[in-house]
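Engineer: My structure is below; once you've seen it, I'll send some questions.
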Amino acid sequence: MSSTPAWAIPIDSGSATPVYVQVAQELQRRIENGELRRGSALPAERDLATHLHISRVTVRQALALLEKQGLLQRKHGSGTFVTPPALPGEMPSRPLGLLSSFSDDVRSRGQTPGARVLSFERGRPSAHEALSLALSPAETVYRVRRLRTADGEPLAIEESTLPAALVGPLEIGDVTDSSLYALLRSRRVEPQRAIRHLRAVNADLGLAGLLGVAVGAALLTTERVSWTAGAQPIEYARAHYRGDRFDFVMELQGDQDA
């Protein structure tokens, strides 16, 4: 008796979720739980389309989405492969032009993300938070500060401020060892667009202790405001990343009219 291949995806034709998103989400789940092994090859687009009874365009959209998330690698002339595990000591990279979560970035390197909550509170927004999130001073926000790890190694400290009215009830357990973006996605308020500022700083005593680096070590710090597909501000975030263990990648293109 033949076994069902790990890439065989059930399609719900009656779902409001686009088919390519269904395929991408299910492949992502199977990559993350190990059903699709790191480094293994996927069938050709034509074969996937035939077996899943969908168009090649739909398959191509799903694979492109997973490639952007770093879960797949497409090699010209060779095919599509599940991204292999990161080599020991390899530096994780974050594409500057891709809005993705820390958890997705770490998983794309074959590592396990972690999130230890350093502080969690509900309160009124500061003047800067209110301005960034288009809130009135009387509204309520959640503030979450977390130490982010990869395979237990401290890599970043992330601070997020979220409008309580949009996010809904939130508890500390919701943001412990979990993806904040996955939580927002489940509540249909996932960020779709963001503006991020990036600069270099040196670790002070507090940051150095949490990240396991020397005082004065180079850090990359970001400040970001994110919006939902409906153009509602959903997150004001700041983060400090270890400069020795993280880098940011940007793709640049020439001016075609020049």
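Engineer: Collect residues whose amide H, placed 1.01 Å from N in the peptide plane, falls under 5 Å from the amide H of Leu72; neighbours closer than 5 in sequence don't count.
Structural biologist: Glu67, Thr83
Engineer: Here's a follow-up. For segment 150-194, which GluC sites (Glu not before Pro) are both in a DSSP coil and crowded by at most 16 other Cβ atoms within 10 Å? Kindly include the intermediate steps, with their values, before the conclusion.
Structural biologist: Values: sites: Glu158, Glu159, Glu171; in loops: Glu171.
Listed in order of number, the matching sites are Glu171.
Engineer: Please sort 160-168, 119-127 by packing, taking for each peptide the average over its residues of neighbouring beta carbons within 10 angstrom, highest first. Show your work: numbers first, answer last.
Structural biologist: Working: 160-168: 19.1, 119-127: 13.2.
The densest-packed peptide leads the list: 160-168, 119-127.
Engineer: Among the complete DSSP H segments of the chain, which ones combine at least 24 Å of alpha-carbon extent along their axis with a mean Kyte-Doolittle hydropathy of -1.0 or more? Display every interim value, and only then the final one.
Structural biologist: Numbers: long enough: none.
Sorted by number, there is nothing, because no helix extends far enough and scores high enough.
Engineer: Among DSSP bridges having both ends in the chain, what percentage is antiparallel? Round to the nearest 5. It would help to have the intermediate numbers written out before the result.
Structural biologist: Numbers: 50 of 53 bridges.
Here the share of antiparallel DSSP bridges comes out near 95 percent.
Engineer: Which one of Thr58, Ala127, Leu219 is farthest out on the positive end of the charge dipole of the chain, using unit charges on Cβ (Lys, Arg +1; Asp, Glu -1) and the Cα centre as origin?
Structural biologist: Result: Thr58, furthest along the dipole toward the positive end.
Engineer: If DNA, RNA and ligands are ignored and the probe is 1.4 Å, what is the ranking of Arg38, Arg148, Arg238 by accessible area, most exposed first? Spell out each step's value before the answer.
Structural biologist: Values: Arg38 60, Arg148 5, Arg238 110 Å².
So, going from the largest accessible area down, we get Arg238, Arg38, Arg148.
Engineer: When the dipole is taken about the Cα centre of the chain, and only Lys, Arg (+1) and Asp, Glu (-1) are charged at their Cβ, what size is it in debye, to the nearest 20? Don't skip to the end; give the middle numbers.
Structural biologist: On the way: 30 positive and 29 negative charges, 42 e Å.
So the dipole magnitude of the chain works out to roughly 200 debye.
Engineer: Could I ask something else about it? Using a 1.4 Å probe on the protein heavy atoms only, what accessible surface does Tyr20 show? Give it in Å² to the nearest 10.
Structural biologist: 70
Engineer: How many angstrom lie between the Cα centre of segment 134-157 and the Cα centre of segment 31-83?
Structural biologist: When both Cα centres are located, 33 Å separates them.
Engineer: Now a separate question. Treating only the Cβ of Lys, Arg, Asp and Glu as charged (+1, +1, -1, -1), what charge dipole size does segment 124-197 show about its Cα centre? Round to the nearest 20 debye. Mind showing how you got there, number by number?
Structural biologist: Working: 10 positive and 10 negative charges, 58 e Å.
Charge dipole, segment 124-197, about its Cα centre: 280 debye, nearest 20.
Engineer: Which ³J(HN,Hα) values in Hz, rounded to whole numbers, follow from the phi angles of segment 79-84 under the Karplus curve 6.51 cos²θ - 1.76 cosθ + 1.60, where θ = phi - 60° and Gly and Pro get x?
Structural biologist: Along segment 79-84, the couplings run x, 10, 10, 5, 4, x Hz.
Engineer: Is it possible to state the helix-based mean residue ellipticity at 222 nm for the chain, with each DSSP H run of 4+ residues giving -39500 (n - 2.57), the sum divided by total residues, to the nearest 500 deg cm²/dmol? What is it?
Structural biologist: Working: 8 runs with 67 residues, N = 258.
Rounded to the nearest 500, it is -7000 deg cm²/dmol.
The values are calculated or read from the model by the stated rules, or taken from the named source; none is laboratory data. Keep in mind the model is a prediction, meaning the values are calculated, not measured. So basically every Cβ, Gly included, is an ideal-geometry build from the backbone, and we count neighbours across all protein chains shown. These accessible areas exclude ligands, DNA and RNA; they are computed on the full protein's heavy atoms, side chains included. Shrake-Rupley method; radii C 1.70, N 1.55, O 1.52, S 1.80 Å.
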